[in-house]
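Worksheet: the structure to be examined is printed underneath.
The values are calculated or read from the model by the stated rules, or taken from the named source; none is laboratory data. It should be emphasised that the depicted structure is a prediction, and the values quoted were computed from it without experimental measurement. Here Cβ is always computed from backbone atoms with ideal geometry, including for glycine, and neighbour counts include all displayed protein chains. Protein only, heavy atoms only, side chains kept; ligands, DNA and RNA dropped before computing areas. Shrake-Rupley method; radii C 1.70, N 1.55, O 1.52, S 1.80 Å.
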Amino acid sequence: MIAYLKGEIVEILEDRVILEAGNIGYNLFMPMAGVDGVLRTGDETKIYTYLNVREDAMQLYGFLTKDDLNVFKLLLGVSGIGPKAALGVLSGLSADELRFAVLADDVKTISKAPGIGKKTAQKLILELKDKMSLQEAFDLKSEHVQESAGSLSDVSDIKKEAVEALTALGYSGADALRAVKHTEITEGMSVEDLLKQALKNMF
């Protein structure tokens with residue numbers, strides 16, 4: 001019904017943001033971890049929305065990116081996860097971190113999210129794994145860091161292999177991604193070289 005809202009941030013509360021658009025103040029429940037330090041009162045911004053209709057209420061959920069909104073919708077498709085739990089997951093993990101955690105069967109990382117226990121995390125992985133791919137995860141991650149990175153087209157394969165190798169060694173998907181991301185990749189670097197450097201970033 002409402003694809004997005006564009007307007008001024010009037011107030012930032014503990015669990016939501018109030019956005020004024022067209023002389024109407026909208027209550028937007030958002031993953032506040034992603035809002036902190038990004039939005040400030042008085043900012044003009046565009047927020048992608050999801051309208052949740054219940055018998056007793058209509059609630060708007062807001063996201064700073066289309067990717068966050070899409071991942072939120074994927075989470076809602078998991079049996080037993082409602083809007084509040086889905087928002088909790090995205091408050092504890094970014095969309096990128098969640099994708100890598102799902103693909104790496106990383107129950108520990110996902111269960112750290114508010115309101116998500118071990119069993120729910122396992123169910124989430126089971127139901128979402130076939131809807132995600134490692135290549136897509138890298139492509140989206142590359143898009144998100146494009147402004148601070150050079151061309152990743154030539155290095156995505158060795159990054160992918162390095163993350164797979166680290167997860168095979170028992171590291172979480174999120175930790176493996178973080179270590180590889182913080183490793184400088186130079187021309188001619190092999191997967192082994194990247195792996196050695198990434199392992200140093202694990203500590």
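Which one is most open to solvent (accessible area, probe 1.4 Å) among residues in region 155-184 that are without any contact (Cβ under 8 Å) to a residue 60 or more places away in the chain and not in a helix (DSSP H, G or I)? Residue satisfying both the conditions and the ranking: Glu184. Inspect region 150-158 for any residue being at pLDDT 75 or above and on the phi > 0 side of the Ramachandran plot and give the result as yes or no. No, the conditions are met nowhere in region 150-158.
In region 29-38, is there at least one residue being at pLDDT 95 or above, within 25 Å of Thr120 (Cβ to Cβ), part of a strand (DSSP E or B) and in contact with a strand residue (DSSP E or B) (Cβ under 9 Å, 6 or more places away or on another chain)? So far as region 29-38 goes, yes, one or more of its residues are at pLDDT 95 or above, within 25 Å of Thr120 (Cβ to Cβ), part of a strand (DSSP E or B) and in contact with a strand residue (DSSP E or B) (Cβ under 9 Å, 6 or more places away or on another chain).
Looking at Tyr61, is it touching a strand residue (DSSP E or B) at 6+ places or on another chain (Cβ under 6 Å), open to solvent by 40 Å² or more (accessible area, probe 1.4 Å), at pLDDT 90 or above and not in a helix (DSSP H, G or I)?
Values: touching a strand residue (DSSP E or B) at 6+ places or on another chain (Cβ under 6 Å): yes; open to solvent by 40 Å² or more (accessible area, probe 1.4 Å): no; at pLDDT 90 or above: yes; not in a helix (DSSP H, G or I): yes.
No, not satisfied.
Looking only at region 21-45, filter to residues that are open to solvent by 80 Å² or more (accessible area, probe 1.4 Å), farther than 20 Å from Pro114 by Cα and charged (D, E, K, R); which one of those is nearest to the chain's Cα centre (by Cα)?
Arg40
Contact annotation: residue pairs with Cβ atoms under 9 Å, 6 or more positions apart or on different chains, pairing a residue in region 80-105 that is free of Cβ contacts under 8 Å to residues at least 12 places away in the same chain with a partner that is open to solvent by 30 Å² or more (accessible area, probe 1.4 Å), are Gly82/Leu76.
Selection of region 1-53 for residues being in contact with a helix residue (DSSP H, G or I) (Cβ under 9 Å, 6 or more places away or on another chain) and charged (D, E, K, R) yields Glu14, Asp15, Arg16. Of the residues contained in region 40-50, none is found to be under 25 Å from Tyr171 (Cα atoms) and at pLDDT below 90. When residues in region 106-124 are screened for being touching a residue at least 24 places away in the same chain (Cβ under 8 Å) and either open to solvent by less than 20 Å² (accessible area, probe 1.4 Å) or in a loop (DSSP other than H, G, I, E, B) (or both), 7 of them pass. If you go through region 11-20 and pick out every residue that is loosely packed, with under 15 Cβ neighbours inside 10 Å and out of contact with any Phe, Trp or Tyr (no Cβ under 9 Å at 6 or more places or on another chain), you end up with 3.
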